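First comes the structure, then the notes that go with it.
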Amino acid sequence: MKEDEQTIRNITMDELISSVHVFKDEGFRLVQISSAREEDSFQVTYTFDRDLALSHVRLLVPPDAEIPSISKIYLAAFVYENEIADLFGLSFSRIAIDYKGTFIRTSILHPFGMQKPPVVTKKVEDSNE
Amino acid sequence: MSKQIIVPFGPQHPVLPEPIHLDLVLEDERVIEAIPSIGYVHRGLEKLIEKRDYKDYVFIAERICGICSFIHSATYCEAIEEVMKVEVPRRATFLRTIWSECSRMHSHLLWMGCFADSMGYENLFMNSWRIREKILDILERTTGGRVIQGVCRVGGVSRDIQKEELDKISGDLNELIPDLKELTRVFEEDATVQMRTKGIGLLPKDKAWELGAVGPVIRGSGISVDTRLTGYGAYGELDFKPVVKNECDCYARCLVRAEELFTSIDLIQQAIDQIPGGDVKIPVKGNPCGEFFARAEQPRGEVIHYVKANGKKNLVRHRVRTPTLANIAPLVTMLAGCELADVPVIVLTIDPCIGCMER
């Protein structure tokens with residue numbers, strides 16, 4: 001038996017909190033929140049589970065948008081939101097436990113973000129030395 | 001009210017095989033709040049997918065964890081196979097199931113040893129690891145590797161197990177049962193184990209669900225959540241019932257893992273009896289295009305491998321939600337209100353795998 005075809009419902013940022021409330025009220029478990037680049041924007045996908053079936057809702061957000069945190073509805077979301085904030089540079093408003101960029105400390109700031117990582121070039125030796 | 005102080009726990013601590021830090025807010029000896037910090041062993045493995053061929057990346061996916069390694073590679077392969085609509089030979093799915101259950105057994109036995117050690121029970125630690133060696137021997141004989149097997153491929157597996165070897169595995173596991181019964185009896189009945197675990201680190205059923213706990217943590221709180229029930233791999237053709245305990249404490253989580261050893265043996269025996277003949281791998285050509293959330297039951301709970309591809313040999317995104325990451329919020333809840341001396345035992349009952357969690 002394989003899992004059913006996965007469908008992802010696109011929602012807007014204004015619909016996020018109410019959609020998540022519906023999941024909570026209907027007894028869904030928060031499985032994960034993930035993010036991925038989509039051209040000049042980011043996809044943020046929320047996954048819920050009930051009776052072994054996954055349900056996904058997805059936001060498409062510009063890099064400078066502030067996403068409302070769902071950690072007041074599902075406390076466990078603070079882990080995923082802090083992770084996305086640190087790796088992608090997206091900001092979430094009012095996370096229940098906000099690490100302010102210190103949850104996953106990376107040598108390159110926001111490695112999955114929009115900016116390209118700095119390229120280290122070989123230092124040119126002074127020919128007079 | 002007593003004065004509150006903050007005691008740092010970790011990242012280096014005798015009970016922690018890997019680094020995690022907890023700021024424990026204490027009133028006298030009682031924990032009021034625990035604030036976790038991670039990020040000590042973040043390796044950026046997910047970023048590597050942008051540079052590596054999706055088929056080669058199987059070996060990197062396997063190295064996400066040094067204990068539940070095989071299931072990581074199998075789940076990653078399953079995600080790619082779903083995107084590419086590849087029908088894996090049935091024999092390969094059975095072999096993956098056998099190796100997955102061997103991984104679960106050696107992981108649980110490793111955990112039982114570490115858990116015994118955290119209670120100062122050295123003899124039990126040695127016994128657990130002595131039995132674990134037998135499982136590692138099976139893995140080494142059949143794959144060539146003790147903890148990193150490297151046999152999963154997109155489209156199947158690279159090694160077959162012959163009939164004689166399958167019979168030998170079945171015989172070895174039957175011989176292990178008396179040893180396992182004695183080992184789990186100690187965990188179940190010993191006064192020291194009960195004193196250190198019963199009624200400690202409570203995670204009520206409703207909280208476990210609300211906080212998104214997975215694996216033995218949620219099953220120890222009376223909820224039958226087990227991804228194997230979705231029937232991925234060969235699990236749909238095998239008969240099993242998840243181990244569930246209702247006590248919601250450290251003792252329940254310990255017993256869930258102990259009893260799951262026997263479930264794993266039963267699943268392996270069933271898989272050996274039912275394994276079909278045929279190929280173990282089919283050639284996969286082209287590059288994936290699409291996205292998929294694959295999930296599997298690791299020893300520590302549900303793992304999610306998300307892949308997103310655009311038709312090139314490098315994927316756009318590979319994201320892993322490991323079970324330890326999901327169990328961090330439940331851990332914070334378990335620690336609130338406990339005694340300082342119980343913190344190591346409670347932390348260990350989520351079976352934290354930090355390298356896996358931080359990727």
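Nothing in this text is a laboratory measurement; each read-out follows from the coordinates by a stated rule. Because the structure is a prediction, the values reported are computed rather than measured. For neighbour counting, all protein chains shown are included, and Cβ atoms are generated from backbone atoms with ideal geometry for every residue, glycine included.
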(request) Using packing as a proxy for protection, rank B:40-47, B:179-186 so that the peptide with the highest average count of other Cβ atoms within 10 Å comes first. (result) B:40-47, B:179-186
(request) Based on alpha-carbon positions alone, could you give the equivalent ellipsoid semi-axes of the protein assembly as shown from the gyration tensor, as √(5λ), descending, whole Å? (result) 33, 31, 23
(request) Would you compute, from DSSP H runs of 4+ residues alone, the mean residue ellipticity of chain A at 222 nm, taking -39500 (n - 2.57) per run and dividing by the full residue count, rounded to the nearest 500? (result) -6000 deg cm²/dmol
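Average partner chain C-beta neighbours within 10 Å, per residue of B:38-44?
Going residue by residue through B:38-44 and averaging, the value is 5.
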(request) Return the percentage of antiparallel bridges among DSSP beta bridges fully within the protein assembly as shown, rounded to the nearest 5 %. (result) 90 percent
(message) Over 20 Å between Cα atoms: which of B:K163/B:K281; A:K100/B:K308; B:K198/B:K241 fall into that group?
(response) A:K100/B:K308; B:K198/B:K241
(request) For A:A96 paired with A:R50, estimate the spin-label separation in nm (one decimal), with each label point 7 Å from Cα along the Cα-to-Cβ line. (result) 1.9 nm
(message) Residue by residue through A:53-63, how many Cβ atoms from other chains fall within 10 Å of the Cβ on average?
(response) 1
(request) Please turn the phi angles of segment A:75-92 into ³J(HN,Hα) values with the Karplus equation 6.51 cos²θ - 1.76 cosθ + 1.60 (θ = phi - 60°), one per residue in order, whole Hz, x for glycine and proline. (result) 4, 4, 5, 4, 5, 5, 5, 5, 5, 5, 4, 6, 8, 10, x, 7, 10, 10
(request) Report P(r) for segment B:40-327: all Cα-Cα distances, bin width 10 Å, range 0 to the bin holding the largest distance, values in whole percent. (result) 7, 28, 35, 22, 7, 1
(message) Taking 8 Å as the Cα distance limit and 6 or more residues as the minimum spacing, I'd like the relative contact order of segment B:127-177 as a percentage.
(response) 25 percent
(request) Taking 7 Å along the Cα-to-C-beta vector as the label spot, tell me the B:A336-B:K3 distance in nanometres, rounded to one decimal. (result) 2.6 nm
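What is chain B's relative contact order, in percent, from Cα pairs under 8 angstrom and six or more apart in sequence?
26 percent
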(request) Order these peptides, B:23-29, B:122-128, B:77-83, B:313-319, by their mean beta-carbon neighbour count within 10 angstrom, highest first. (result) B:77-83, B:313-319, B:122-128, B:23-29
(request) Name the residue, out of B:R196, B:R153, B:R96, whose mean-square fluctuation peaks in a Gaussian network model built on chain B with Cα pairs under 10 Å. (result) B:R196
(message) Please compute the length gained on full extension between B:K55 and B:D23, using 0.36 nm multiplied by the number of residues separating them and subtracting their Cα-Cα distance.
(response) 7.4 nm
(message) Output the 0 to 90 degree angle, nearest 10, between the alpha-carbon long axis of helix B:122-143 and the longest principal axis computed from the alpha carbons of chain B.
(response) 10 degrees
(message) Quick one: 3J(HN,Hα) in Hz for segment B:144-152, Karplus 6.51/-1.76/1.60 with θ = phi - 60°, rounded, Gly and Pro as x.
(response) x, x, 7, 10, 10, 8, x, 9, 6
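Computed over the Cα atoms, what is the radius of gyration of segment A:8-93 divided by 2.2 N^0.38 Å, N being its residue count?
1.01
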(message) Please compute, for the alpha-carbon atoms of segment B:245-359, the extent along each of the three principal axes and give them in descending order in Å.
(response) 57, 40, 21
(message) I'd like the mean, over residues of A:26-38, of how many other protein chain beta carbons sit within 10 Å of each residue's own Cβ.
(response) 5
(message) Assuming 0.36 nm per residue, please report the length gained on full extension of the stretch B:E33 to B:V316 beyond their Cα-Cα distance.
(response) 98.0 nm
